[in-house]
Amino acid sequence: MARVLWIVGLVLFLFVVLGVVYHLHPALIAVAATAMGWVVAERNALQTRLAQWPIFKSYIDWKRVQDDLRDDHAA
């Protein structure tokens, strides 16, 4: 998923650069730049969560989580 987000961010970046070079409508460039910023932020957040996952995994009581999910579906 991180690689897909990186590729999408790169495509949006290229669109923004080409949009500026070829004088596309500023609103179109702004939307693409906003989407690019969001994609980059999501990729960075994903990378951070992946790095922290081993720590969280050791602290989560998986039996309790499964029991809680089972109770939610029963109600």
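The values are calculated or read from the model by the stated rules, or taken from the named source; none is laboratory data. What you see is a predicted model, and the numbers here were worked out from it, not measured in a lab. Counting neighbours? That spans all protein chains shown, and the Cβs are built from the backbone with ideal geometry, glycine included.
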Tell me which residues, restricted to the stretch 21-33, are closer than 22 Å to Ile7 by Cβ and either touching a residue at least 24 places away in the same chain (Cβ under 8 Å) or surrounded by 10 or more Cβ atoms within 10 Å (Cβ to Cβ) (or both).
Leu24, Leu28, Ile29, Ala30, Val31, Ala32, Ala33
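Specify the residue that is surrounded by the most Cβ atoms within 10 Å (Cβ to Cβ); the eligible residues are those in the stretch 34-66 that are under 16 Å from Ala2 (Cβ atoms) and among the basic types (Lys, Arg).
Filtering the stretch 34-66 down to residues under 16 Å from Ala2 (Cβ atoms) leaves 36, 38-53.
Next, only the ones that are among the basic types (Lys, Arg) stay: 43, 49.
Details: Arg43: 19, Arg49: 10.
Here the residue is Arg43.
Would you be able to say whether some residue in the stretch 1-20 is in contact (Cβ under 8 Å) with a residue 12 or more places away in the chain and loosely packed, with under 10 Cβ neighbours inside 10 Å?
Initial filter on the stretch 1-20 (in contact (Cβ under 8 Å) with a residue 12 or more places away in the chain): 1-2, 5-6, 8-9, 12-13, 15-16, 19.
Next, from what is left, pick out any that are loosely packed, with under 10 Cβ neighbours inside 10 Å: 1.
Looking through the stretch 1-20, at least one residue is in contact (Cβ under 8 Å) with a residue 12 or more places away in the chain and loosely packed, with under 10 Cβ neighbours inside 10 Å.
Among Ala2, Ala32, which is the only one that is touching a helix residue (DSSP H, G or I) at 6+ places or on another chain (Cβ under 6 Å), hydrophobic (A, V, I, L, M, F, W, C) and modelled with pLDDT under 95?
Values: Ala32 fails: modelled with pLDDT under 95.
The conditions single out Ala2.
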